[in-house]
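No lab work stands behind these numbers, since they all come straight from the coordinates. Nothing here was measured: the structure is a model prediction, and the numbers come from that model. No Cβ is skipped: glycine too gets one built from the backbone with ideal geometry, and neighbour counts run over all protein chains shown.
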Amino acid sequence: METTQQSQEHHAQIELGVNIDHIATLRQARGTSYPDLVEAAFLVEEAGANAITIHLREDRRHIQDQDVYDLRKTIKTRMNLEVAATDEMIAIACDVHPEDACVVPEKREELTTEGGLDVIGQFDRIQKATRQLSSENIRVSLFIEPDIEQIKRVLEIGAPVIELHTGTYANANGDDQKREFDRILKATEFAHDQGIHVNAGHGLDYSNTAEIARIPQMRELNIGHSVISRAVFVGISKATRQIVEVMQNARK
Ligand code: PXP
């Protein structure tokens, strides 16, 4: 358990995981060897990211198995590997040994991850995946909706980290966005009080990230599409530095 002082010191910092999946999307669009993921991860780390996030999808639409192994050898910060709770993906994660594994729901036809895990309905499967990954000393994060009932089931499973889905917040406007922000805030406070390490991600960009980064108990944000999109114009180093700046300014 952290002392209050440690907790306050730690939470003055907020970490950034940059999701580089869409560097691979661009490569896969032409079947070329570029843009190079290892170089992308290097530049993103150099620009101040604290982790590199990648999602090995069942359909391998962007990240390929070889990418995961190549990046495992070269990432100097932390690898956060997003995987579905399937036997195939859990076996790969246990073999690769990322520092962090984030268990996500996955539907083949979706454009991107469309919501959090159903920890209530899929309890046994998610518990099994968490136990397998934890037994390899991989820190497990469960990607969930900002919902207190889901967090209570995470506590029963014993996963040390959650990542709250911010996609609904990111897509909403006005009062709907305020309501969703409030759900994220309450879920963060509740989970943190229970000793869970709280991250968030999905749909975060240069305009909506500050409000989430300002939540004092929030520990890490995973951001992909907006950073890679901006990188097309300003380069990946500057795009990363700019989102780091948004997050750090939010904590001042
Ligand atoms: N967190 C999780 C669990 C995700 O699945 C994704 C998308 O792969 C992200 C964060 C990043 O989302 P975005 O690309 O919208 O920033």
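So here's what we get for this one:
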quantity: Relative packing of 168-175, 99-106, 210-217, which averages over residues the other C-beta atoms within 10 Å, highest first; calculated: 99-106, 210-217, 168-175
quantity: Gain upon complete extension [Ser237, Leu155; 0.36 nm per residue less C-alpha separation]; calculated: 25.8 nm
quantity: Kirkwood Rh and Cα Rg combined as Rg/Rh, the range 29-128; calculated: 0.98
quantity: Gyration tensor over alpha-carbon atoms, the range 83-195, equivalent ellipsoid semi-axes in Å; calculated: 25, 17, 11
quantity: Dipole magnitude (debye, nearest 20) for the chain, charges at Cβ of Lys, Arg, Asp, Glu; calculated: 480
quantity: Amide N of the range 145-188 lying under 18 Å from the label point, which is placed 7 angstrom from the Cα of Asp118 along Cα→Cβ; calculated: 145-154, 165
quantity: The range 161-199-the range 63-100 distance, computed between alpha-carbon centres (Å); calculated: 26
quantity: Full-stretch length increase - Glu110, Asp95 - with 0.36 nm per residue and alpha-carbon distance subtracted; calculated: 2.7 nm
quantity: Full-extension gain in nm, Thr86 to Arg179, via 0.36 nm per residue minus C-alpha separation; calculated: 30.2 nm
quantity: Global size of the chain as Cα Rg and Dmax, reported in angstrom; calculated: 17.1, 52
